[in-house]
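Since every read-out is calculated from the coordinates, none of them should be taken as a lab result. Predicted model only: the values in this text are computed from it and were never measured. Quick reminder, even Gly has a Cβ in these numbers, built from the backbone with ideal geometry, and neighbours come from all protein chains shown.
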Amino acid sequence: MVEKNDQSKKDFTFLREEIVDTQQKRRECCIRKMAYIVGLFGAGSLFTLSAYTYGSIILLFLTPLIALAFDIYIVSEDFCVKRIGNFLKTREPEESPEYTEWEKFVELNDDTLFPMAFWLTTVLIYAASYFTLRSLPGVNPALIKTWSIAILSGVSLLAAFSLYLRERPVLQPKD
């Protein structure tokens, strides 16, 4: 019986390591997102100012879409962390009273800025791309309007979905 408890502890340790790995992936994704969008927007803006080409305009159109793709990945990684954490809450043997108190404190004082921060950068890069594209001569306003609707719809859906995932129970304990 002792071996079984040791084995279950080992499995839970693996899941805790999985949480740390997933959080690391999420952090790396946030850093990559910033690097990509700053690079793409900067290149698109510089090329547009120096030599007005369709390639530079495409970079300005693509930058918010790539940011939105990163946001989807970030939300999925965040969901994985919450799913594993909720699984551990329902299956793991009792921890020390300090650890249980810490878990309750973290749950009550959760970071409310993170769910907004990652897609807020997408909205800001969209606004920068939008105003840059609007200032360029020869860019079709109907194309900008369609692109704007697509980006804002994507950001809105992503924000709503991430808030939904944040508020709903990820894993229901079995009775």
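For Leu136, no residue has an amide H sitting under 5 Å from its own, ignoring neighbours fewer than 5 places away on the same chain, with H placed 1.01 Å from N.
Legend: calculated FRET efficiency, Thr146 to Met116, from the Cβ-Cβ distance at R0 = 22 Å, rounded to 0.05, equals 0.25. The simple spin-label model puts a point 7 Å past each Cα toward its Cβ; for Phe79 and Ala35 those points are separated by 2.6 nm. Assuming 0.36 nm per residue, please report the length gained on full extension of the stretch Lys25 to Glu101 beyond their Cα-Cα distance. The Lys25-Glu101 span can extend by a further 24.6 nm. Once the Cβ-Cβ distance of Phe131 and Phe87 is raised to the sixth power relative to R0 = 41 Å, the FRET efficiency obtained is 0.35.
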